[in-house]
Amino acid sequence: MKMLSPMARGGDVGWSSAFHEARSDDVLRLGLAIPLQGPGGIFGPSCEAVAELYSRQSNAESGVIGRRLELEIIDAGAPPAQVAAEVDRLVGCGRIDALTGWHISSVREALTPVTAGRIPYVYTSLYEGGERGPGVFCTGETPERQIAPALEWFRAELGARRWHIVGSDYIWPKRSARAAQDFARNLGLDVLSLNFIRFGNADYTSVLDELEESKSGDGVLMFLVGQDAVEFNREFSARGLHRHLVRFAPLMEENMLLASGGGGCENMYVAAGYFRSLATESSLDLVGAYAAEFGAAAPPLNNQAESCFEGIALLAELITAAGSIDLHEILAVTDGFGYESPRGSLEFQGGHVHQQIHLARAGQADFDVLTTF
């Protein structure tokens, strides 16, 4: 991966400038599928900005295998079938040579049949695990590395043994909740309740009433996304439930933290492969480059945005190692492939990145990393 370094800002071009340059045979066309609407739309501007940062850095040097990097933004917040149809069209007419991005698992499941055998697809979101599609590379966190050790930490450090689970009604929350129940059983913990709310609904009245009335449990495990989680945090805090229930979220970042409001995330913990506050050299390099390029008005750098940077970087590294954009040649160099990233030294095995997971406590505007698994 190209080493990050602060770059001089180019003219009057800001973070929201157009991504598309004149096309030529020397261009590497990369699709970036990120949510621009719906609950995950809160992540879109950050993901778009950090992708442009990588593009500018790459193109200021020699590009990728001598090709200029060009990004095609795809709205992955649209219905999955619509996203899949758009990607199919872009691949079919040669508009994209590879695909990456952060989006929910329902979108990934719609996309894998479209990309299979045609182009490499790096899926960067945390997810429920189990993806084995040909040419699909997963860089996100999975429950066995993210949820299981965290529950053990809560038991040992906070004495938290009785959990409620709240999630959105789609693939990632349901399958992850099932895995969490298995982890809890193995750790001698109790799952007292399990509630799933329609994705994008953000009406948690009945769930919060249940938590308030039960007066039992030590914590709430949240499988909620973006604005849905923000609304839950606000109402949870307004009812004072944070005073006796710890919250643990595998998906929570700086935009959501700010949107939840002062005190909205009190007594909340998050497990993730990356936080902006990580005090490692590679992480500080990314933070410095991002701030130098876009300034204080840029969307907050967060886990989702960094994962998109990760996805583009991995594709660039794989294509460089293969010396080609051909999927079969890329697959030949994948297993055991290692690279450096803002998350540290990573290794690829069986289509998945092996990475460290950090547990952090939410503050007013950032996260305080407590331990690493």
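The values are calculated or read from the model by the stated rules, or taken from the named source; none is laboratory data. The structure presented is a predicted model; accordingly, all values stated were derived computationally and were not measured. Counting neighbours? That spans all protein chains shown, and the Cβs are built from the backbone with ideal geometry, glycine included. SASA here: full protein model, heavy atoms, side chains in, ligands and nucleic acids out. Shrake-Rupley method; radii C 1.70, N 1.55, O 1.52, S 1.80 Å.
Here are the numbers for the structure shown:
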{"item": "Unique match (being farther than 23 Å from Ala360 by Cα and among the aromatic types (Phe, Trp, Tyr)) among Tyr127, Tyr121", "result": "Tyr121"}
{"item": "Residue count for the stretch 80-98, restricted to those that are free of Cβ contacts under 8 Å to residues at least 12 places away in the same chain and buried (at least 18 other Cβ atoms within 10 Å of the Cβ)", "result": "0"}
{"item": "Residue match in the stretch 199-207 (condition: hydrophobic (A, V, I, L, M, F, W, C) and in a helix (DSSP H, G or I))", "result": "yes"}
{"item": "Test: Arg185 is free of Cβ contacts under 8 Å to residues at least 40 places away in the same chain, over 24 Å from the mean Cα position of the chain (by Cα), open to solvent by 50 Å² or more (accessible area, probe 1.4 Å) and under 24 Å from Ala156 (Cβ atoms)", "result": "yes"}
{"item": "Subset of the stretch 53-79 that is touching a Gly at 6+ places or on another chain (Cβ under 7 Å) and part of a loop (DSSP other than H, G, I, E, B) - its residue that is most open to solvent (accessible area, probe 1.4 Å)", "result": "Ile65"}
{"item": "Among (1) in contact with an Asp or Glu (Cβ under 8 Å, 6 or more places away or on another chain); (2) over 22 Å from Thr142 (Cα atoms); (3) open to solvent by 10 Å² or more (accessible area, probe 1.4 Å), the one test that Leu192 misses", "result": "(1)"}
{"item": "Any hit, the stretch 253-262, residues being part of a loop (DSSP other than H, G, I, E, B), touching a residue at least 24 places away in the same chain (Cβ under 8 Å) and closer than 16 Å to Cys47 by Cα", "result": "yes"}
{"item": "Qualifying residue in the stretch 164-172 (condition: in contact with a Ser or Thr (Cβ under 9 Å, 6 or more places away or on another chain), in contact (Cβ under 8 Å) with a residue 40 or more places away in the chain, of a type in the set (Val, Ile, Thr) and in a helix (DSSP H, G or I))", "result": "yes"}
{"item": "Any chance Gly40 is in contact (Cβ under 8 Å) with a residue 60 or more places away in the chain, in a helix (DSSP H, G or I) and crowded, with 20+ Cβ neighbours inside 10 Å", "result": "yes"}
{"item": "Residue match in the stretch 231-240 (condition: in a strand (DSSP E or B), open to solvent by less than 60 Å² (accessible area, probe 1.4 Å) and closer than 23 Å to Arg178 by Cα)", "result": "no"}
{"item": "The lone exception for Arg132 - which of (1) part of a loop (DSSP other than H, G, I, E, B); (2) within 21 Å of Gly219 (Cβ to Cβ) it fails", "result": "(2)"}
{"item": "From Pro113, Pro149, residue being surrounded by fewer than 21 Cβ atoms within 10 Å (Cβ to Cβ), in a helix (DSSP H, G or I) and touching a residue at least 60 places away in the same chain (Cβ under 8 Å)", "result": "Pro149"}
{"item": "Ser176 vs. criteria within 26 Å of Glu109 (Cβ to Cβ), open to solvent by less than 60 Å² (accessible area, probe 1.4 Å), assigned to a helix (DSSP H, G or I) and not aromatic (Phe, Trp, Tyr)", "result": "yes"}
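Listed here are the residues, each with its yes/no results for (1) under 24 Å from Leu126 (Cα atoms); (2) open to solvent by 10 Å² or more (accessible area, probe 1.4 Å); (3) at pLDDT below 95; (4) in contact with a strand residue (DSSP E or B) (Cβ under 8 Å, 6 or more places away or on another chain).
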residue	(1), (2), (3), (4)
Asp218	no, yes, no, yes
Ala249	yes, no, no, yes
Leu258	yes, yes, yes, no
Met268	yes, no, no, yes
